[in-house]
Structure formats: structure tokens, C-alpha cells
Amino acid sequence: MLLRIDRSPQDSVDLPGKSPIIRKVSSATSSVEQVSAKAAVFKSVADLLMPRVCLVCGAMLGDGEEGNCGAERFLCRRCTSDIPFTRFWKLRDNPMSRSFNDLIQKGMGEDVRYVPYGYAAALYFYKDGFREISKALKYRRHFAAGRLFSAMLGDKLLESPLFRDVDLVVPVPLHWTRKLRRGYNQAEVIAKEVAKRLKAPFCAGYVKRSRITHSQTKLGSEERAHNVTDAFSLTAKGRAILRGPCTPKHILICDDVFTTGATAAACALAFINVPAWQAALIHAGHSVRRISVATLAAVER
Ligand SMILES: [Zn+2]
């Protein structure tokens, strides 16, 4: 590891004939250079203690990758070019949205026709080493990578006419005991970045997980749906916003991974089951209300 600090000779030499303004500019430039030199030293020491590796394949991120922006801050060039993007944000109808809407319809009962189709998109497929991106955020507090890929998801949604009118972004909540144990909710990290990109309000306080659910990871699709049925409910603040004059028209639910859609649909049903909203959903007419979902990753089915 080479620690090298380049200093311009002008940093310390006061050249004759320079005006005071030029001297001031020189001194400002020199302090900026000193700060960036210090940052370079810290970065080199940090790299020495904790080498930067690709989140997906584990390859060392060499000097060639330093200073790169976007996904290449956390992935090697090869994995960056291999990200299995779903491109679901371009499709009104895709496997994820079909599963999400079917579950909502089931939750509302077969005798009620659920009219407005909820959109659904994930940034990449949850497969191979790419699972590690969401795991790094969920289990290893890798907030920098989590924020970067969430912002990328937000940018993709912004590209699509389907998501441009989102006026409320809601993370899937954790039960308060689990949040206390983990210290954070990964869905909030994702939802905040997506909300920033869509310029929509973020609110974590409208829906709560009213009972502890078992982990969904080892359950089949029927068990998953049963496990989260009625697990979510609106808070007083959430009920108030649906009654008020600023009722959202398009709510976007955010989570880390979409498997069967059972969790996202159960969370959506907490809003849909509010009578005034349900009436607006069923008789869509001129005031369409919609609930969609966006996640970092989706299991390919
Ligand atoms: Zn890699």
C-alpha cells in the first residue's frame, strides 16, 4: 500500500507580486488540498485495516476502482456489469405485480372486485451473489451500500411513468421488539432514499406491525400469507391522514426483498381495509387511489 501525499510547491511559497485576492484563493486551494490529502491518508489506512471487497463475489477492489462512483464503489466492474436488473419498473404487468394484486384481492374477499392495479418493481433479482447486497444492509449494517442501491431503485422508478405520481412512501414496519434488537429497520433506509428520489413524503409512522410474526424465510407461499394475515394495522396518525383533506392518492410500500408478496400485500391491506379508502378503491371512478410496492430485490419465480 503506497501512502503518498502530493503537495504543490505553491502551498507554502508566497509568490511576490501576487494580489491579496490571489493569495487568498491560493490559501483556500491549499487548505482544500490538505483536507483531501488527509482524507486520502485515512482512506488508505482504512483500506489497509479493512480491505474493500466486492459485496457480490468477494474480489478485492483495487486501486483502479478507487474514486469510482455508483455501484462500482461496492462491486467490482464485472459484477457491476452483471447486475440482474428486473426492469419491472417499465412493466405495468409483471410477475411481481400479479402476485401482489392477487394476494390483495384474496385478502379483500372474492366477492369484492379490486379495481386499481397496484404496480410493483424491484431493482434486481435476488439470486447468486447478488443476495449479498440486501443481506449486507439487513444483517451487517452496511448503510452506505444500502443507500446507494436504494437511490438507484428510486432513479429507476422516477424513469417510469407508473411511479411518478407516488405521494407517500411507507416502509414495511418491523415489530418494535425486533427493531429494538436490530437497532434499525432496513426497509426505512430503502424507503427514505426512494422518497428522496421521487420527491414524495416518507412516513414510517402510519402503519405498525401489531403482532410478532415468525421469520418468513423458511415458509412456503400459503404459510407466508397466513403468517402475516392481520399482522399490520394503521396507527392513529395513519387513519387520520386517510380521512384528512391531503389523503394520498398513490402510496408506495418499500421493503428489502419481495418473495411471494405476502408481507407487502398484508401491509397494503392495512390501508385498504379502512372503509373510506376501500370505497374509493372499489368505485375507482374519477379519484383513483393506488397502492404499489418497490423492493431492492425480488425472488425470481
Ligand atoms: Zn464482484
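One residue is enough: does the stretch 128-146 have a residue meeting the conditions among the hydroxyl-bearing types (Ser, Thr, Tyr) and more than 26 Å from LYS196 (Cα to Cα)? No, every residue in the stretch 128-146 fails to be among the hydroxyl-bearing types (Ser, Thr, Tyr) and more than 26 Å from LYS196 (Cα to Cα). Taken over the stretch 150-188, the criterion of being in a loop (DSSP other than H, G, I, E, B), touching a strand residue (DSSP E or B) at 6+ places or on another chain (Cβ under 8 Å) and not acidic (Asp, Glu) is satisfied by SER160, LEU162, PHE163, VAL166, VAL172, PRO173, LEU174, HIS175, ASN185.
Restricting to the stretch 239-256, what's the tally of residues that are farther than 13 Å from ASP167 by Cα and surrounded by fewer than 21 Cβ atoms within 10 Å (Cβ to Cβ)? Residues meeting the conditions: 5.
Restricting to the stretch 75-96, name every residue that is within 16 Å of the ligand (Cβ to nearest atom) and out of contact with any strand residue (DSSP E or B) (no Cβ under 9 Å at 6 or more places or on another chain). The answer is LEU75, ARG77, ARG78, CYS79, THR80, SER81, ASP82.
Residue count for the stretch 116-128 under the criterion of being buried (at least 17 other Cβ atoms within 10 Å of the Cβ) and of a type in the set (D, E, K, R): the result is 0.
Exactly one residue out of GLY183, GLY205 is more than 21 Å from VAL299 (Cβ to Cβ), in contact with a helix residue (DSSP H, G or I) (Cβ under 7 Å, 6 or more places away or on another chain) and surrounded by fewer than 16 Cβ atoms within 10 Å (Cβ to Cβ), and it is GLY205. Exactly one residue out of ALA225, ALA200, ALA236, ALA231 is modelled with pLDDT of 90 or more, under 25 Å from ALA122 (Cβ atoms) and either surrounded by 12 or more Cβ atoms within 10 Å (Cβ to Cβ) or out of contact with any strand residue (DSSP E or B) (no Cβ under 9 Å at 6 or more places or on another chain) (or both), and it is ALA200.
Do you know which of the residues in the stretch 50-96 that are of a type in the set (Ser, Thr, Tyr) and surrounded by 14 or more Cβ atoms within 10 Å (Cβ to Cβ) is modelled with the highest pLDDT? It comes out as THR86.
Within the stretch 107-115, identify whether any single residue is touching a residue at least 60 places away in the same chain (Cβ under 8 Å), surrounded by 21 or more Cβ atoms within 10 Å (Cβ to Cβ) and among the hydroxyl-bearing types (Ser, Thr, Tyr), and answer yes or no. Taking every residue of the stretch 107-115 in turn, none turns out to be touching a residue at least 60 places away in the same chain (Cβ under 8 Å), surrounded by 21 or more Cβ atoms within 10 Å (Cβ to Cβ) and among the hydroxyl-bearing types (Ser, Thr, Tyr). Comparison of ARG147, ARG141, ARG164, ARG131 shows that the only residue that is on the phi > 0 side of the Ramachandran plot and surrounded by fewer than 20 Cβ atoms within 10 Å (Cβ to Cβ) is ARG141.
In the stretch 281-297, what residues are among the small types (Gly, Ala, Ser), out of contact with any Ser or Thr (no Cβ under 6 Å at 6 or more places or on another chain) and at pLDDT 60 or above? Listed by number, the residues that qualify are SER292, ALA294.
The values are calculated or read from the model by the stated rules, or taken from the named source; none is laboratory data. This one's a predicted model, so the numbers in the text were calculated from it and none came from an experiment. With ideal geometry, Cβ positions are generated from the backbone for all residues, glycine too; neighbour counts draw on all protein chains shown.
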